[in-house]
Amino acid sequence: MTKIVTVDQMKVIEAAADQAGVTYAMMMDAAGNAVAEHVLARLEALDDDKIVVLTGSGNNGGDGLVAAHRLAEAGASVSVYAAKPLDESDPKVQRLRQKSIFVADAENDTRWRVLKNLMGGVTVLVDAVFGTGVRLPLSGKAADLLKQVGKHLAERDSPRPLIVAVDCPSGLNCDTGELDPLTLAADATVTFAAVKRGQLVFPGAEAVGDLAVADIGLEDRALPELESVALDLATEDAVRALLPARPRYAHKGTFGRVVVAAGSVNYTGAAYLSGAAAYRVGAGLVTLAVPMPLHAILAGQLPEATWLILPHELGVIAASAADVLREALPKAQALLVGPGLGLEKETAAFIRRLLGVEVAGARHGSFGFLAPAAAEADPPAALPPLVVDADGLKLLAQIEGWAAKLPRATVLTPHPGEMAVLTGLDRNALEADRVGAAQRFAAEWGHVVVLKGAYTVVAAPDGRATLQPFATAALARAGTGDVLAGAIAGLLAQGLAPYEAAVTGAFLHGLAGTLAAQRLGSTAAVLAGDVLAGLIEAQADLAA
């Protein structure tokens with residue numbers, strides 16, 4: 001995993017690295033070279049490009065000077081435009097002079113004439129004006145420089161240049177995601193050693209573009225200050241290592257059985273999407289536990305499934321279904337409850353009874369199933385590893401002390417609205433600090449929280465948290481959450497621990513949505529079924 005840090009944490013890490021022998025000068029050289037290599041990798045023919053590096057007076061500006069020198073060494077046409085006159089005693093500046101690189105500065109540029117000339121033909125703009133320590137709102141000559149650059153970009157007739165930000169776009173608060181109006185939105189950002197929190201928070205995340213994390217000599221140092229950071233960004237390499245093994249000698253029992261209790265007459269597709277997703281991520285056997293009216297509708301769509309027909313009231317799961325379901329659970333390695341259940345009283349009673357809470361009065365359900373009389377239920381046998389999603393979460397919230405009644409480290413998969421119901425907090429307040437909210441309640445409840453949304457947060461009770469690297473409108477569609485829940489349950493059945501199953505399932509889900517949008521050519525066209533199909537391609541990508 002790649003670490004995600006605050007600005008203060010990064011300062012501590014850099015200081016520790018300096019003490020360990022990776023000096024600030026060495027880190028600056030590594031950072032500038034990494035930016036240059038990223039730019040060069042994006043260019044097809046250096047002869048056709050004109051690169052302008054905008055620099056400030058801090059360390060970020062120093063990174064830019066190193067990048068300019070490396071780009072010139074590679075044969076690129078490079079100019080440097082600084083917010084203030086450069087220090088001629090600086091070895092980095094002396095190297096630029098030796099390469100005869102054109103250098104200008106805002107303080108000596110009357111009426112911005114030089115800048116205007118440079119901007120006229122620029123094809124690549126490297127933004128190294130402000131770094132992670134910026135204070136907003138921007139002010140001073142550097143702010144004037146960004147204003148002028150933005151004006152020229154808005155007025156030019158030729159295509160917009162490729163903009164590459166050094167560590168972060170100038171004007172982004174790297175803790176909060178706040179964005180100054182003068183910020184140049186980047187096509188790509190090359191950040192160093194770790195991702196900064198504000199790069200994954202909107203509106204700032206919109207200005208980051210493609211985010212690349214470059215090593216600046218810290219990767220092999222095993223710095224405690226870096227390794228102790230509890231917040232990670234999921235990566236392909238890390239998730240690949242978590243995927244369950246698929247030995248050639250395996251049989252269906254090797255990969256576990258998932259039971260999915262889901263669906264109602266108003267939400268028939270939820271059970272299918274969840275069950276199919278559990279299969280697609282590798283579960284050996286999936287049993288769909290659904291109200292009887294749904295069986296005829298769904299059986300032909302998922303012939304690989306086995307079926308557990310549950311008693312129902314007018315097409316929604318009845319309270320007495322809990323007894324039927326429990327009989328099937330000793331053979332299950334994972335249980336998913338919630339997708340498409342609805343919020344009827346009968347289904348609420350089903351959830352309460354499944355968890356061994358006070359049950360409803362005696363009554364006959366459909367097809368002769370009998371519910372016992374009102375009583376305190378006997379302590380139920382332990383449930384298998386559990387995922388609760390969608391309506392299941394809203395029904396949980398109606399039970400006092402619900403968190404203590406779930407199996408340890410149950411995986412909860414709320415979207416922000418469901419999280420607000422579970423916590424009783426305002427949705428906007430939760431969204432303002434998604435990571436903090438997920439970590440706080442995962443610890444308080446003792447369960448794994450998957451807070452869905454742009455850069456989905458997976459938080460464990462022990463304080464660990466992982467952000468997913470996906471923010472796409474392709475997943476903003478009904479039913480995609482059912483696919484996610486099914487994928488997590490399928491990974492649980494194969495033996496992954498709850499937190500690891502949630503991280504892996506969320507990554508596959510996000511990648512599947514991204515690939516589906518690419519395949520269809522539009523995020524607007526992506527349906528939950530496309531995300532389900534995308535799980536195939538996502539796993540193939542990780543296996544490559």
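The values are calculated or read from the model by the stated rules, or taken from the named source; none is laboratory data. From a predicted model like this one, the values you see are computed outputs, not experimental measurements. Methodologically, a virtual Cβ is constructed for each residue, glycine included, from the backbone with ideal geometry; neighbour enumeration extends over all protein chains shown.
Structure notes:
- Any hit, segment 1-8, residues being under 30 Å from Thr504 (Cβ atoms), at pLDDT below 95, buried (at least 16 other Cβ atoms within 10 Å of the Cβ) and not hydroxyl-bearing (Ser, Thr, Tyr): yes
- Among (1) more than 21 Å from Ala403 (Cβ to Cβ); (2) in contact with a strand residue (DSSP E or B) (Cβ under 8 Å, 6 or more places away or on another chain); (3) aromatic (Phe, Trp, Tyr) - the single one Phe507 does not satisfy: (2)
- Matching entry among Ser79, Ser57, Ser100 (being part of a loop (DSSP other than H, G, I, E, B) and at pLDDT 95 or above): Ser100
- Those residues of segment 46-69 which are surrounded by fewer than 21 Cβ atoms within 10 Å (Cβ to Cβ) and closer than 24 Å to Gly133 by Cβ, in sequence order: Ser57, Gly58, Asn59
- One residue from Val286, Val290 being touching a residue at least 60 places away in the same chain (Cβ under 8 Å) and among the β-branched types (Val, Ile, Thr): Val286
The rows are residues; the columns are (1) acidic (Asp, Glu); (2) in contact with a helix residue (DSSP H, G or I) (Cβ under 7 Å, 6 or more places away or on another chain); (3) over 30 Å from Lys151 (Cβ atoms).
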{"residue": "Ala20", "(1), (2), (3)": "no, no, yes"}
{"residue": "Met26", "(1), (2), (3)": "no, no, yes"}
{"residue": "Ala72", "(1), (2), (3)": "no, no, no"}
{"residue": "Val80", "(1), (2), (3)": "no, yes, no"}
{"residue": "Arg113", "(1), (2), (3)": "no, no, no"}
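- Scanning segment 66-114 for residues that are among the acidic types (Asp, Glu) and either farther than 21 Å from His38 by Cα or not assigned by TED's automatic domain parsing to the domain that holds Ala143 (or both) returns Asp87, Glu88, Asp90, Asp105, Glu107, Asp109.
- Scanning segment 333-359 for residues that are surrounded by fewer than 20 Cβ atoms within 10 Å (Cβ to Cβ) and at pLDDT below 95 yields Gly356, Val357, Glu358.
- Only one of Gly131, Gly198 that is under 23 Å from Ala15 (Cα atoms) and either in a helix (DSSP H, G or I) or of a type in the set (A, V, I, L, M, F, W, C) (or both): Gly198
- Scope segment 154-194; condition touching a Pro at 6+ places or on another chain (Cβ under 9 Å), surrounded by fewer than 24 Cβ atoms within 10 Å (Cβ to Cβ) and in a strand (DSSP E or B); matching residues: Ile163, Leu179
- Some residue of segment 206-225 being touching a residue at least 60 places away in the same chain (Cβ under 8 Å) and either basic (Lys, Arg) or assigned by TED's automatic domain parsing to the domain that holds Ala432 (or both): yes
- Cβ-Cβ under 9 Å pairs, at least 6 apart or on other chains, segment 313-335 side within 20 Å of Ala348 (Cα to Cα), far side in a loop (DSSP other than H, G, I, E, B) and aromatic (Phe, Trp, Tyr): Ala318/Phe369; Ser320/Phe369; Ala321/Phe369; Asp323/Phe369; Val324/Phe369
- Leading residue by the ranking (modelled with the highest pLDDT) among those in segment 215-254 that are among the basic types (Lys, Arg) and either within 25 Å of the chain's Cα centre (by Cα) or in a helix (DSSP H, G or I) (or both): Arg240
- Of all residues making up segment 82-120, the number that are within 16 Å of His152 (Cα to Cα) and aromatic (Phe, Trp, Tyr): 1
- Strands (runs of 3 or more DSSP E) within segment 448-544 that include 1 or more residues over 14 Å from the mean Cα position of the chain (by Cα) and buried (at least 24 other Cβ atoms within 10 Å of the Cβ): 448-451
- Leu43 meets each of the listed conditions (1) more than 19 Å from Ala142 (Cβ to Cβ); (2) crowded, with 24+ Cβ neighbours inside 10 Å apart from (2).
- Test: residue in segment 80-101 that is surrounded by 13 or more Cβ atoms within 10 Å (Cβ to Cβ), touching a Gly at 6+ places or on another chain (Cβ under 8 Å) and closer than 21 Å to Ala185 by Cβ: yes
- Qualifying positions in segment 27-54 - free of Cβ contacts under 8 Å to residues at least 60 places away in the same chain and either aromatic (Phe, Trp, Tyr) or not in a helix (DSSP H, G or I) (or both): Glu44, Ala45
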